[in-house]
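To start, the structure itself, in structure tokens.
The values are calculated or read from the model by the stated rules, or taken from the named source; none is laboratory data. Fair warning: this is a prediction, and the values are worked out from it, not measured in the lab. Here the Cβ is made from the backbone with ideal geometry for all residues, glycine too, and neighbour counts use every protein chain on show. Quick note on the areas: whole protein, heavy atoms, side chains included, nothing else; ligands and nucleic acids left out. Shrake-Rupley method; radii C 1.70, N 1.55, O 1.52, S 1.80 Å.
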Amino acid sequence: MRKLKLEIETFNLKRGVVSSMELYHWMKEVEQGTIKRRMVSITLHDGLQNEIAKWTAMSAWPTRYDAPDMELTENGMEAEMIELAHEGVTRDR
């Protein structure tokens, strides 16, 4: 029998808290046993909201979610973090 080594890569996304609950609900589905893999686009903006870089993660799914700790950061924003596993990332811009 031949052993296959499967290596899953992850990355963390951190953002200020927003009104959308989509990432949170996706993580809850995974916790309940429903793993829905998705293509995820990540866009980086500068301080004027101009797009400066963009990546696409293939077949991604959440593996961890950290809720805001209710303490404001230096810029007065609360932050949440989600860790995503994926099967590859491409830089699109």
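Give me the residue from the stretch 38-74 that is exposed (fewer than 13 other Cβ atoms within 10 Å of the Cβ) and under 15 Å from the mean Cα position of the chain (by Cα) and, out of that set, modelled with the lowest pLDDT. Spell out the reasoning first.
Kept after step one, since they are exposed (fewer than 13 other Cβ atoms within 10 Å of the Cβ), are these residues of the stretch 38-74: 39, 41, 43-53, 59, 66-67, 69-74.
Okay, now just the ones that are also under 15 Å from the mean Cα position of the chain (by Cα), so 39, 41, 43-44, 59, 66-67.
Numbers: 39: 95, 41: 93, 43: 92, 44: 90, 59: 94, 66: 85, 67: 79.
Per the stated criteria, the residue is 67.
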### Message
Given the criteria open to solvent by less than 40 Å² (accessible area, probe 1.4 Å) and modelled with pLDDT of 90 or more, does residue 79 qualify?
### Response
no
